[in-house]
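Working notes for the structure below.
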Amino acid sequence: MARERQVILNELSKARQAFALDSSLHILYHVSPISHGIEPSWPDYHAIYAALDPCHKRVGDLVGVSEQLLTRFVHLPPARQAVSRVRRTPLHE
């Protein structure tokens with residue numbers, strides 16, 4: 001729980017410096033739970049990201065999501081990348 005609080009504080013501190021107000025996507029990111037226990041379909045996630053307009057891709061850049069990251073996750077999902085690491089949502093690493 002303390003780790004999640006620290007992650008949230010860090011994310012909000014970063015958002016203070018650059019918050020995307022031209023889209024609701026950035027605010028949605030900040031109100032979404034950190035730990036949800038659901039592994040997304042990385043190919044679907046990648047396809048959705050690829051279809052985003054530049055405004056929404058900029059939000060991805062702000063929160064650490066890139067096409068390169070998603071391509072890597074399509075081929076090797078983060079849960080399988082390092083079994084010994086603590087499993088976290090990739091966006092919050």
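Which of the residues that make up segment 74-93 are closer than 25 Å to Leu12 by Cβ and modelled with pLDDT of 65 or more? Of everything in segment 74-93, just one residue is closer than 25 Å to Leu12 by Cβ and modelled with pLDDT of 65 or more, namely Pro78.
Here Pro40 meets the list (1) of a type outside the set (A, V, I, L, M); (2) touching a helix residue (DSSP H, G or I) at 6+ places or on another chain (Cβ under 7 Å); (3) assigned to a loop (DSSP other than H, G, I, E, B); (4) modelled with pLDDT of 70 or more almost entirely, failing just condition (2).
The set of residues from segment 47-65 being assigned to a loop (DSSP other than H, G, I, E, B), surrounded by 13 or more Cβ atoms within 10 Å (Cβ to Cβ) and not hydrophobic (A, V, I, L, M, F, W, C) comprises just one member, Gly64.
Take segment 15-29 and flag every residue that is surrounded by 13 or more Cβ atoms within 10 Å (Cβ to Cβ) and either at pLDDT 75 or above or of a type outside the set (Val, Ile, Thr) (or both). Residues satisfying the conditions are Ala15, Phe19, Ala20, Ser23, Leu25, His26, Tyr29.
Just for segment 46-64: of the residues that are of a type outside the set (Gly, Ala, Ser) and touching a Leu at 6+ places or on another chain (Cβ under 6 Å), which one is nearest to Ser13 (Cα to Cα)? The selected residue is Val63.
The values are calculated or read from the model by the stated rules, or taken from the named source; none is laboratory data. Source: prediction; values computed, not measured. Every residue, glycine as well, gets a Cβ built from its backbone with ideal geometry; the counts of neighbours run over all protein chains shown.
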